[in-house]
Amino acid sequence: MTETQKTATLTIDGESYELPIYSPSAGPDVLDIRKLYGTAGVFTYDPGFTSTASCDSTITFIDGGKGELLHRGYPIDQLAEKSHYLEVCYLLLNGELPSAAELEEFENIVTRHTMIHDQMHYLFRGFRRDAHPMAIMVGVVGAMSAFYHDSTDITDPRQREIAAFRLIAKMPTIAAAAYKYSIGQPFVHPRNDLDYASNFLHMCFSVPAEEYQINPILARAMDRIFTLHADHEQNASTSTVRLASSSGANPFACVAAGIACLWGPAHGGANQACLEMLGEIGSVDRIPEFIARAKDKNDPFRLMGFGHRVYKNFDPRAKVMKQSADEVLELLGVENNPKLQVAKALEEAAINDPYFAEKKLFPNVDFYSGIILEAMGFPTSMFTPIFALSRTVGWVSQWKEMLNDPQNKIGRPRQLYLGETERDYTDIENR
Ligand code: ACO
């Protein structure tokens, strides 16, 4: 953060206040209002944080106008094409791409932390079989703090490191177990001879009765989905993790809070909602009806998988996801998948419609991901858990960065109070 010569002057009731301006390495300048309340006695008002930088960070940069996403400076399309998920995890956590030896050591550590405490299986069994896997994940990840006491002391750097490894390594095992439980199949333990994505497919689709053959193209597509979701700077769930952590809460509790936030249909739940919408539209000829509904102010319907708080151009992840959808469906011999046909025609119709063009609404990462996941054999209820496991490294990297920041203090937003002013209590008989 560089303090420039520039300042902003704010005048209130004839009194002027100078606000320092900082220039980031990329992106818009930032006004420092930290001393504003102390000097001018006013708060700023920004529901939804549309104009507020809540922290400084060196992890991820998004240029929403250009449709650009960089992790530690590297464009997401290059990472999706040339790298793989665990290498991107290393990059996000450590700031630089690993050497061959560093990568090998990192992969080895993650691989050897994938098993979960055996007693955690009883915890899964306490849930109803029809529980949503996200409900199970919120509970089980929060409960990790009851199983791994030796990595909850956030003042100890070594414990923080172990907690990070445990979260990244065990999340696929937990997500797969939530799925297996929901379909009444036995839990499948991780295998150390498999890579991260293949191991997840194995834990989800293998059964004791027969060998499960992992298709390397599907494993690559799975890995790419993980990579594309790995981090996205200060989004709602990441900000939730940071806010929860600002009180000094343990990492497992903070990540459970992030999972809870991600579950919502405006955030991680959008890929499930999008696939359900594509199914509801059903055929290309019904697209005009749904486009009209999305534009109708009196109809709450929105095109799921469309629009983004930050991207006002194509979400770069959506482009890679669309290409991946084509590859996976071709491999599986279902190029004529009706949902893919509806999705492509819907995208075409929406981007050529002035309503969506004026509001700068484009497909986001969720628009095509559900089609791929469904073709791989995942039920819609597993889409958000897969997002959660992919985003865990982002949450953990941001959490780690925050704890190393000397400016870290408890997050405590203020408010514009519009309620009653002080009044005397009225006895019940006089109300
Ligand atoms: N369909 C139709 N109209 C839309 C859509 C949509 N998907 N998204 C936004 N709009 C319209 C709004 O009605 C609003 O119109 P108005 O200005 O006339 O009132 C305008 O575009 C701006 O929308 P906001 O909701 O104010 O924008 P915001 O930045 O708060 O919302 C959001 C972003 C929540 C992602 C929104 O675009 C949306 O609901 N999209 C569908 C859900 C979705 O796909 N979420 C996934 C996000 S990506 C992720 O979390 C991984």
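The values are calculated or read from the model by the stated rules, or taken from the named source; none is laboratory data. Keep in mind that this is a model prediction, so the values were computed, not measured. All Cβ positions, even for glycine, are placed from backbone atoms using ideal geometry, and neighbour counts span all protein chains on display.
Assorted remarks:
- When the criteria are applied in full, A244 fails the requirement of being of a type in the set (A, V, I, L, M, F, W, C), touching a residue at least 60 places away in the same chain (Cβ under 8 Å) and more than 9 Å from the ligand (Cβ to nearest atom).
- Of note, F187 does not satisfy the criterion of being aromatic (F, W, Y), assigned to a helix (DSSP H, G or I) and under 26 Å from A135 (Cβ atoms).
- Considering residues of segment 112-129 that are in contact with a helix residue (DSSP H, G or I) (Cβ under 8 Å, 6 or more places away or on another chain) and assigned to a helix (DSSP H, G or I) only, the residue surrounded by the fewest Cβ atoms within 10 Å (Cβ to Cβ): R125
- Count of segment 352-393 residues which are more than 10 Å from the ligand (Cβ to nearest atom) and on the phi > 0 side of the Ramachandran plot: 1
- Pairing residues of segment 300-320 that are within 22 Å of P288 (Cβ to Cβ) and in contact (Cβ under 8 Å) with a residue 12 or more places away in the chain with residues that are near the ligand (Cβ under 6 Å from one of its atoms) and among the small types (G, A, S), at Cβ distances under 7 Å and at least 6 apart in sequence or on separate chains, gives L303/A294; M304/A270; G305/A270.
- Of all residues making up segment 395-424, the number that are over 30 Å from G41 (Cα atoms), at pLDDT 95 or above and either touching a helix residue (DSSP H, G or I) at 6+ places or on another chain (Cβ under 6 Å) or not in a helix (DSSP H, G or I) (or both): 5
- Applying the set (1) part of a helix (DSSP H, G or I); (2) more than 24 Å from I136 (Cα to Cα) to A388 leaves exactly one unmet item: (2).
- Applying the condition of being surrounded by fewer than 21 Cβ atoms within 10 Å (Cβ to Cβ), hydrophobic (A, V, I, L, M, F, W, C) and part of a helix (DSSP H, G or I) to segment 324-348 and asking which residue is modelled with the highest pLDDT yields A345.
- Meets criteria (surrounded by fewer than 23 Cβ atoms within 10 Å (Cβ to Cβ) and either in contact (Cβ under 8 Å) with a residue 24 or more places away in the chain or out of contact with any Cys (no Cβ under 7 Å at 6 or more places or on another chain) (or both)) for G370: no
- The set of residues in segment 27-52 being of a type outside the set (K, R), in a loop (DSSP other than H, G, I, E, B) and without any contact (Cβ under 8 Å) to a residue 40 or more places away in the chain consists of G27, P28, D29, D32, I33, G41, V42, T44, D46, S51, T52.
- Hits in segment 130-153 (condition: under 21 Å from the mean Cα position of the chain (by Cα) and not in a helix (DSSP H, G or I)): H132
- Pairs linking a residue in segment 344-367 that is small (G, A, S) to a residue that is more than 7 Å from the ligand (Cβ to nearest atom), with Cβ atoms under 6 Å and 6 or more positions apart or on different chains, are A345/V284; A345/I287; A349/I287; A349/I291; A350/F356.
- Looking only at segment 207-241, residues that are in contact with a Ser or Thr (Cβ under 9 Å, 6 or more places away or on another chain), of a type in the set (D, E) and free of Cβ contacts under 8 Å to residues at least 24 places away in the same chain come to 0 in all.
- Any hit, segment 292-311, residues being more than 27 Å from the chain's Cα centre (by Cα), over 30 Å from N215 (Cβ atoms) and among the hydrophobic types (A, V, I, L, M, F, W, C): yes
- Hits in segment 263-307 (condition: within 12 Å of the ligand (Cβ to nearest atom) and aliphatic (A, V, I, L, M)): A266, A270, A273, L275, M277, I291, A292, A294, L303, M304
- Every pair of residues 6+ apart whose Cβ atoms lie under 7 Å, when the first sits in segment 277-297 and is in a helix (DSSP H, G or I) while the second is of a type outside the set (A, V, I, L, M, F, W, C): L278/K339; G279/K339; V284/Q341; I291/D353; R293/D299; A294/R302; K295/Y355
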